[in-house]
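Colleague: I am attaching a structure below and will ask some questions about it afterwards.
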Amino acid sequence: MKTVNDIMVKSVLSVKDTDSVHHARMLLKDKGIRHLPVNDSKSGDYMGMLSQRSLLNYLLKTVEKYGMSYLEKRERQTAVSEVMVSDGEIATSDMSLIKAGEYFMSKKTSCLPVVDDNKLIGIVTSVDFVKLSLYFLTNDQA
């Protein structure tokens, strides 16, 4: 049986819970990624996910409350742990690809952090499933 371990990205950029929102936003922008896993700065355990969506919600609320002129200052003062989603679903490396695919379809989400023993070991995204589909479609024609 094929598992998440077979297609996940294992070299994952992440941030610590104490990093600033500004730092995380710059990473998302500079690296062209949509999700940043958040790890505990002391234990290294996986804590949650900072997505473009959760970041955008935070930024819009901050601008609405404080105005544009205060945005960057507020970003630098706010820890990622205040903005991340901590109750999201996770996958384990031995989760079947069928179960992960069903999760993506039912939840209409685009990312699953892969966590074993509370440690982030990878990430699987809907793009990984598209790549897998293309692989099978192009190899089927050979």
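Values in this text are rule-based calculations from the coordinates and carry no lab data. This is a predicted model, so every value here is computed, not measured. Note: ideal-geometry Cβ built from the backbone for every residue, glycine included; neighbour counts use all protein chains shown.
Colleague: So which of 42/119; 10/31; 29/131; 10/119 end up more than 19 Å apart, counting from Cα to Cα? Don't skip to the end; give the middle numbers.
Modeller: Working: 42/119 12 Å; 10/31 16 Å; 29/131 23 Å; 10/119 12 Å.
Exceeds cut-off: 29/131.
Colleague: To continue, here is another question. For each of 74, 25, 53, count neighbouring Cβ atoms within 10 Å of the residue's Cβ, then give the residues from fewest to most. Kindly include the intermediate steps, with their values, before the conclusion.
Modeller: Values: 74 18, 25 21, 53 13.
So the residues, fewest neighbours to most, are 53, 74, 25.
Colleague: Using the count of nearby Cβ atoms within 10 Å as a rough guide to exposure, how do 116, 6 rank from fewest to most? Let's see the in-between values first.
Modeller: Values: 116 15, 6 12.
If I rank by nearby Cβ atoms, fewest first, I get 6, 116.
Colleague: Residue by residue through the stretch 97-108, which ³J(HN,Hα) values in whole Hz follow from phi under the Karplus form 6.51 cos²θ - 1.76 cosθ + 1.60 (θ = phi - 60°), with glycine and proline marked x?
Modeller: 5, 5, 5, 5, x, 4, 4, 4, 5, 6, 9, 6
Colleague: Can I ask one more? Taking neighbour Cβ counts within 10 Å as the exposure measure, how do 138, 78, 3 sort from fewest upward?
Modeller: Least to most surrounded, the residues fall as 138, 78, 3.
Colleague: Among DSSP bridges having both ends in the stretch 1-126, what percentage is antiparallel? Round to the nearest 5. Intermediate results must be reported in sequence, preceding the final value.
Modeller: On the way: 15 of 18 bridges.
Counting DSSP beta bridges with both partners in the stretch 1-126, the antiparallel share is about 85 percent.
Colleague: Could you state the angle between the C-alpha long axis of helix 52-66 and the longest principal axis of the C-alpha atoms of the chain, as a value from 0 to 90 degrees rounded to the nearest 10?
Modeller: Around 10 degrees separate the two axes.
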